[in-house]
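Below is one structure, written out as structure tokens; the observations come after it.
Quick note: the coordinates plus some simple rules give every number you see, no bench work behind them. Predicted model, so just to flag it, every value in this text is computed and none were measured. Cβ atoms come from the backbone with ideal geometry, glycine included; neighbour counts cover every protein chain shown.
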Amino acid sequence: MDQLQKVLTLLARSLVDEPDAVEVTGTEDGSRVDLKLRVAPGDVGRVIGRQGRTIKAIRTVVKAASVKAGKRTNVEILD
């Protein structure tokens, strides 16, 4: 799970205007990992992207990284 948090943090920090405000928390339950991403209020739209394309791409990259670890992931953006 720690590796997946690092991947999500790296992706999010590269997208936002305030990289210090990026927080990633996660819970692990067996083979399932739930990651929660919190960014500055002004950066939420930047992370979601037009029609959700950016967050879909982020989820795809994190899921690809999770396959190597044998985990299933879910990424949520917190308000």
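Summary of computed values
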| quantity | calculated |
| --- | --- |
| For the chain, calculated [θ]222 nm from helices alone, where every DSSP H run of n ≥ 4 adds -39500 (n - 2.57) | -14000 deg cm²/dmol |
| Relative contact order for the chain, counting Cα pairs under 8 Å that sit 6 or more residues apart, in percent | 33 percent |
| Other-chain or far-sequence residues with amide H under 5 Å of residue 73's (modelled H) | 33 |
| Total charge dipole magnitude, the chain, about the Cα centre, Cβ charges on Lys, Arg, Asp, Glu only, Debye to nearest 20 | 520 debye |
| Distance between modelled label sites at residue 48 and residue 18, nm, 7 Å Cα→Cβ extension | 1.7 nm |
| Potential lengthening between residue 31 and residue 1 on full extension [0.36 nm per residue; Cα-Cα distance subtracted] | 9.8 nm |
| For the chain, share of DSSP beta bridges that run antiparallel, in % to the nearest 5 | 50 percent |
